[in-house]
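Accompanying notes for the structure given below.
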Amino acid sequence: MPLSLVEQFLRGLSLSPDRLAVRIGSDAVTYREVHNTTLRWAGSLMADGSPGTVGVLAGKSVTAYVGPLAVLYTAGTVVPLQPNVPSALTRRMIKVAGADRLIADERGLAVLPQVTDEETAVRVLGTGGVADRFPTIPVTSHPVISAPAQAAPSDPVYTLFTSGSTGVPKGVPVSHGGFAPNFHEFDRRSDFRPDDVFAQAYDLNSHLGIHDVFASWGVGAMMQAVPLSAYPDLPTYLAEHGVTVWHSTQSGIWMAREMGRLEKGALDGLRWSFFGGEALRCQDVRDWLAAAPGSRLENLYGPTEFSIGVTWHRWSGEQSERCGVNGMVPIGKVHDAYDFRLVTEQREQPPVEGELWITGPQITTGYLDPADNEGRFVELEGQRWYRTGDRVRAHSDGELAYIDSQVKVHGWRVELAEVDHVVRECDGVRDAVTVTRSALHGTELVVFYTGDEVPESTLADGVRAVLPDSALTRRYVHLDTLPLNSNRKVDRIVLRKQAEELPCASGGDRLLSIGRNLVGD
């Protein structure tokens, strides 16, 4: 039977009361200590009634783990917030979510004066005030509740904000019942155990980070927070801390590889490896598994609007490569509890390729701002569907392959992932990301790549094999590394801004390339 997040922790508490629940640097707490602190904090939050929505403003600290659980014990709603996010954005999240109480660690307290304003009135748990500006909620010296408060499956448990690929993150309320099916699915196909150590690579404002915490706690295992300083020698760090379960975006692979630390067998302590959050390359998987030969590996997919995940693909070597597109690992099969359809402008029935629509028990009730719902949620045949905006291809066995977004350049439909794939195939190129920018003559493509600096003519020859001249990439920009956002995904917003700032090609060059497509060379 699916368990709620609180039930996941309580199961872990019963299995491992005196084992470590989380370790962050030199700080470590057991399940029993987490439970007792959580009861105190929850009781304090409930002293004058239900707390409703509570923000947790914390970096990776014990507070960042105990704080959300304390809110869950009150049957309230958690809003995870990061101190390193711009203050104006955090202030907006607090207002949109309606949080009037905060739990903060030292890093959170340090930025509170910048986060709050005259319109943002908050009370802070147990801080004693910050420069006498913030009223506090006193923390009791002993538990005033003996067990977590009960919440209905439909009650909101988290308010998460999308990563903001459009520049404006959307608030997504997630219910208790929304999280439960995903963990039930994980129990079915995994063999996690109390002596496992889960690496916490994601921040806790991400649904992927929440997944790691409660997947670990659900079996009485330990969370090991992974700092950025671990990446220069990731194998040594994971071995020293006994990590057996890894989960990150694909950038975790290329960061370790760039440091020259993916030698054969270097990650032989891993039993499981999970990747999600962005498209995963087959070559990256091969490199990772050469270092982690004893690990099973899954590619996970799921938008924030569906709580955690809705598809999974277990890597199976050549079969996985055959099912992928543009050198990417398939996103896999949709969980049994959900339904999906591929929607296309064509009349092909059923379509084998199109935009992925999903429905099922994990779907959010909608964004906090109802205006954001338009075009994303669709009522059809008595069901409510979420339009992911992602194009996928379906195989006969139910496996889905991610194709990525399409853009139009001078009337031609261009798959950005296909351009990325072609550039990556050029000798010396490690990784490539294609973005669009506006130009006087319309949309044009810019490729950012890492590895060796390669002559632009070499890269252009490869791209010319898949694109007409009128749609050819206009610029190839070499970078030492690709920028990452706070969720460890490639930061396409930063790349698009960099692309817009690049000098334009001359008008004659543009007309020449466009004319070639019209009249031939």
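The values are calculated or read from the model by the stated rules, or taken from the named source; none is laboratory data. Fair warning: this is a prediction, and the values are worked out from it, not measured in the lab. FYI the Cβ positions are ideal-geometry reconstructions off the backbone, even for glycines, and counts take in every protein chain you see.
Do the conditions hold for GLY220, that is, is it assigned to a loop (DSSP other than H, G, I, E, B) and among the small types (Gly, Ala, Ser)? Taking the combined requirement at face value, the residue satisfies it. Yes or no: the stretch 244-261 includes at least one residue that is in a loop (DSSP other than H, G, I, E, B), at pLDDT 95 or above and more than 12 Å from the chain's Cα centre (by Cα). Yes, the stretch 244-261 contains at least one residue that is in a loop (DSSP other than H, G, I, E, B), at pLDDT 95 or above and more than 12 Å from the chain's Cα centre (by Cα). Only one entry in THR236, THR140 is in a helix (DSSP H, G or I), of a type in the set (S, T, N, Q) and touching a Lys or Arg at 6+ places or on another chain (Cβ under 9 Å), namely THR236. Among the numbered conditions (1) in a helix (DSSP H, G or I); (2) at pLDDT 95 or above; (3) in contact with a His (Cβ under 8 Å, 6 or more places away or on another chain); (4) among the polar types (S, T, N, Q), the only one that ASN182 does not meet is (2). Flag: ALA221 does not match the condition of being under 30 Å from ARG492 (Cα atoms) and buried (at least 20 other Cβ atoms within 10 Å of the Cβ). Listed by first and then second residue, the pairs linking a residue in the stretch 1-21 that is more than 16 Å from PHE198 (Cα to Cα) to a residue that is β-branched (Val, Ile, Thr), with Cβ atoms under 6 Å apart and 6 or more places separating them unless they lie on different chains, are ASP18/THR30.
Take the residues in the stretch 80-128 that are β-branched (Val, Ile, Thr), touching a Leu at 6+ places or on another chain (Cβ under 9 Å) and in contact (Cβ under 8 Å) with a residue 60 or more places away in the chain, then tell me which one is surrounded by the most Cβ atoms within 10 Å (Cβ to Cβ). Ranking the candidates gives ILE103 first.
Okay, residues lined up against (1) surrounded by fewer than 21 Cβ atoms within 10 Å (Cβ to Cβ); (2) free of Cβ contacts under 8 Å to residues at least 40 places away in the same chain; (3) over 20 Å from the mean Cα position of the chain (by Cα); (4) under 30 Å from MET259 (Cα atoms):
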position: PHE161; (1), (2), (3), (4): no, no, no, no
position: VAL174; (1), (2), (3), (4): no, no, no, no
position: ALA199; (1), (2), (3), (4): no, no, no, yes
position: LEU228; (1), (2), (3), (4): yes, yes, no, yes
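For the stretch 286-328, the set of residues classified as aliphatic (A, V, I, L, M) and at pLDDT below 95 consists of LEU300, ILE308, VAL310, VAL325, MET328, listed by residue number.
Identification of strands (runs of 3 or more DSSP E) wholly contained in the stretch 1-100 with 1 or more residues that are within 22 Å of THR140 (Cα to Cα) yields 27-30, 53-57, 77-81. Quick check on the stretch 380-396: of everything there that is charged (D, E, K, R) and in contact with a strand residue (DSSP E or B) (Cβ under 8 Å, 6 or more places away or on another chain), which residue is nearest to GLU278 (Cα to Cα)? Among them, the one singled out is ASP390.
Scan the stretch 185-192 and give yes if some residue there is surrounded by 16 or more Cβ atoms within 10 Å (Cβ to Cβ), of a type in the set (Asp, Glu) and assigned to a loop (DSSP other than H, G, I, E, B), otherwise no. Within the stretch 185-192, not a single residue is surrounded by 16 or more Cβ atoms within 10 Å (Cβ to Cβ), of a type in the set (Asp, Glu) and assigned to a loop (DSSP other than H, G, I, E, B). Within the stretch 439-458, if we keep just the residues that are surrounded by fewer than 20 Cβ atoms within 10 Å (Cβ to Cβ) and touching a strand residue (DSSP E or B) at 6+ places or on another chain (Cβ under 8 Å), the residue that is nearest to VAL490 (Cα to Cα) turns out to be THR450.
Of all residues in the stretch 119-162, those satisfying the criterion of being among the hydroxyl-bearing types (Ser, Thr, Tyr), modelled with pLDDT of 80 or more and within 25 Å of PRO86 (Cα to Cα) are THR136, TYR158, THR159, THR162.
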